[in-house]
Structure formats: structure tokens, C-alpha cells
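Below: one structure, written as C-alpha cells.
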Amino acid sequence: MGWIVGPKIVVSATLLGATLVLAEGTPDWPQESRMWQLAADHEVTVIGIVPTMVRQMMRRGPELLAGCDLSALRTTISIGEPWTPDAWIWFFEHVCKRRIPILNYAGGTECGGAILISSFLSTLRPCSFGHAVPGCGADVVDADGRSLPPGEIGELVMRRPSIGMTRGIWRDSDRYIESYWKIIPGMWVQGDLASRDVHGAWYLHGRSDDTIKIAGKRTGPSEIEMALMATGLLADAAVVGVPDAITGSALACACVPISPIDDTAEFAQRLACAVADNFGASYRPKQFIFVSELPRTRNQKVMRRVIRGVLTGTPLGDLSSLANPESIESLRSKIVFASAVGSDTISRPATTFS
């Protein structure tokens, strides 16, 4: 309820005369299939999902859905973070049964709702959004505010105020202007990387403040995370940049393995090679952390700055939105360093980062 999504669901359901199903607790306890059994029992027609939950479902397999009759389901709505293609396709196959759409929704509390949306009228493409919200002037631009052509990743902006946008920050109007309207003068900048394809579909690629610059090239973390997830070895992954004397920044990867690891060094090398094969030798990760969960906000966004702070020994910042504070100690306790250029790996405790 601390974000726009919770109140918006309550208000929208009430205005439309819908029945809203609320359940106390977590989606996977006391049964791992609890969320889907609730949907079956109450003949839910619209259900919300976050990609993180889908990746967790993939670890358990489609057997998780056995006995859950989801025939009443009419649509699914995804929020919170970018999809990876494998998770999107898995969900479309096993939950949507290739008959109902996955409607993506992205925006923010500060702008009163969505910037990018999908609808029943838009073509369904894996991981994509069908439209920008009419009237907000959504665009993908470079650092100087110039519109980028299809296929290029840039800053997601709004060229005009939307109807639901906040007028300021309480008792700090200057901070509001500095934070949202002066990064690229005259445009609303929320801090998301986006692109469009030749068909007009939109895609998100993670936070622009998480962008990693290696050997002069800027890359969004989600692109690298997709390469890691494509190995089929991980349930989740987050990539951050850490200082490096040679390349300026080097990659550090926090990963949640699908299965227990027998040989940590060999496992890290397989992942490092997958990244290097996709992006080149300069992108071979320098560090790996293997943990059971990543630090996330209550609406399931990965807090990459927390991972970066643990690795670099810098302040972690505001943790009030962190849903799983125990993940910080987990990050500190398990670290594997993989050579950025060679094949050797070493393990050591993370005591230097406490």
C-alpha cells in the first residue's frame, strides 16, 4: 500500500464493481501452490504477478500448478521489474496456457500510475509493452534528450506532465525539480532504461542508475542478467558494477542457483564464460556471490545498490523499503571471486565488507 499499485487496485476494483480477493501472508505458505489454489477456489479472472515470483515457480516446475483449475482466468498483469524471456515464455505456456495475455504495466507512484502499458488490443510479444500511455509524451532519448531510433536503449522520459503526476515533494519543491525535471531539462526522468522495436513495442531494461560502463561501453544490468539466466543454472541473478583499475568498472554478480553447487569455482566459471561469450572478454565477471535470495523491496524490485554497497564497503543507504533484511548478511557471508581475464577462482569469507 506504500506504492501506487496497492491503492489503485482497491479503487479500481471498487469502481468497476469487481470482487477483490485479499489473502494474508505469503503466496507460497503453508503450501507452495497457495496463490494458485486461491485463484482456483475463488474463480479469479484477473491476477497480478511479478517476474521474480515466476522464476521461483520455475524452480519448482509446472507440478506446482497441478490440481489448480485456472480456467476462469481471463488475463494476467505484470508489474515491478523487467521480464527475462525464459520466465515470460514459461509463464505463458504453463499458467496462461497460450490462451490468455500477459499485460505488462510500468510507471511509478510519482507519476500517478503507468507510462507504458499493454492492452487486449496490442500484439503480444515476449517481455514487451504494447503502448505508451496516451498524453504523457513518452519517449526514449539519449543523455541530451534526443529521441533514439528503434533498437537503441536509452532513458525513458515523459515530455509533458501526465494527468496523475505529483505536483512536488512535501516541503521540498526544489528537490522535486532537481530529481525529476533537471536531469534532462524539460523532461520527466524516472530512471528507467527502455527501447522500442520496429513494430512499436516497448521494452524496459532496468534502472538507468544501475547502468554499468565497462571499457567505454554502457550496458544495462538486465542484458547481462539475461545471459546468466539463459544458462538454465540460476533461479535469479543481479549484476552491478564495481570499481576496477583497468576497465573503470567490473561486473559483480549475485546469483541464486537452482540446485546446490558441488564445485563453486567451476560453477562460477561456467557463468563467467556465458557472459564473456555474449559481451566479450572485458565483460567477464570479476566477482560472484551465491545466495538463497536477493535483497528486494516489498514490491519485489531488486535493490542493486545494496549489493553494490556490500561489495564495495560503501554505505547501503535507505533500507526502509527492504523486504528481506536478512539477505544482507547472506550477501556478506558468501563471496566467490572469479578472475576477470583468466580461469582461476578463489574463495574467501566476506569479512572485509562487514
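Count the lysine pairs in the chain whose Cα atoms lie under 24 Å apart, taking only pairs 8 or more positions apart in sequence or on different chains.
On the way: Lys8/Lys301; Lys182/Lys213; Lys213/Lys286; Lys213/Lys301; Lys217/Lys286; Lys286/Lys301; Lys286/Lys334; Lys301/Lys334.
Lysine pairs meeting both conditions in the chain amount to 8.
Among His199, Gly80, Ile183, whose Cα projects farthest towards the positive end of the dipole of the chain, with charges put on the beta-carbon of Lys, Arg (+1) and Asp, Glu (-1)?
Checking the options against the dipole of the chain, the answer is Ile183.
Under the 0.36 nm per residue contour assumption, what length would be gained going from the current alpha-carbon distance of Arg270 and Glu110 to full extension? Write down the numbers at each step before the final one.
Values: separation 160, 0.36 × 160 = 57.60 nm, distance 4.11 nm.
Here the segment from Arg270 to Glu110 would lengthen by 53.5 nm.
Can you sort Phe91, Phe129 from fewest to most other Cβ atoms within 10 Å of each residue's own Cβ? Write down the numbers at each step before the final one.
Numbers: Phe91 21, Phe129 26.
Least to most surrounded, the residues fall as Phe91, Phe129.
I'd like the FRET efficiency for Asp277 and Leu15, computed as 1/(1 + (r/R0)^6) with the beta carbon distance as r and R0 of 51 Å, rounded to 0.05.
Working: r = 51 Å, r/R0 = 0.99.
Rounded to the nearest 0.05, the efficiency is 0.50.
Label points 7 Å out from Cα along the Cβ direction at Ser259 and Ala72: separation in nm?
Calculated label separation equals 3.9 nm.
If you wrap region 1-100's Cα atoms in a convex hull and average its projection over all directions, what's the area in nm²? Let's see the in-between values first.
Values: hull surface 26.6 nm².
Here the figure is 6.6 nm², rounded to one decimal.
Anyone know which of Arg207, Arg308, Arg125 comes out most mobile in the 10 Å Cα GNM of the chain?
Arg125
Whole angstrom only: what separates the Cα centroid of region 238-264 from the Cα centroid of region 183-225?
Between the Cα centres of region 238-264 and region 183-225 lies a distance of 20 Å.
Given the DSSP H assignment, sum -39500 (n - 2.57) over each helix run of at least 4 residues in the chain and divide by its residue total; what's the result at 222 nm in deg cm²/dmol, nearest 500? Could the numbers behind the result be given before it?
Working: 9 runs with 89 residues, N = 354.
Value at 222 nm, helices only, nearest 500: -7500 deg cm²/dmol.
Between Ile177 and Leu319, with labels modelled 7 Å along Cα→Cβ, what's the label distance in nm to one decimal, could you check?
3.6
Quick check on the exposure proxy: order Met226, Met1 from fewest to most C-beta atoms within 10 angstrom. Numbers along the way, then the final one.
Details: Met226 21, Met1 9.
Listing Met226, Met1 from fewest to most nearby Cβ atoms yields Met1, Met226.
Obtain the nm distance between the two label points defined at Val198 and Arg125 by a simple spin-label model: each point lies 7 Å from its Cα along the Cα-to-C-beta direction.
1.0
How much FRET efficiency would the formula 1/(1 + (r/R0)^6) give for Arg218 and Arg59, where r is the Cβ-Cβ distance and R0 is 30 Å, rounded to 0.05?
Values: r = 32 Å, r/R0 = 1.06.
My answer for the efficiency is 0.40.
What FRET efficiency would be calculated for the residue pair Thr45, Glu326, taking the C-beta separation as r and a Förster radius of 35 Å, to the nearest 0.05? Walk me through the intermediate numbers first.
Details: r = 36 Å, r/R0 = 1.03.
So, using R0 = 35 Å, E works out to roughly 0.45.
How would you rank Ile258, Ile117, Ile224, going from fewest to most other Cβ atoms within 10 Å of each one's own Cβ?
Details: Ile258 15, Ile117 20, Ile224 25.
Exposure proxy ranking, most exposed first: Ile258, Ile117, Ile224.
When a/c reaches 1.5 or more, the comparison of a/b and b/c decides; with that in mind, is the chain rounded, prolate or oblate per its Cα gyration tensor?
On the way: a/c = 1.60, a/b = 1.16, b/c = 1.38.
Because a/c hits 1.5 or more and a/b fails to exceed b/c, the chain counts as oblate.
Values in this text are rule-based calculations from the coordinates and carry no lab data. Values in this document were obtained by computation on a predicted structure and should not be read as measured data. Here Cβ is always computed from backbone atoms with ideal geometry, including for glycine, and neighbour counts include all displayed protein chains.
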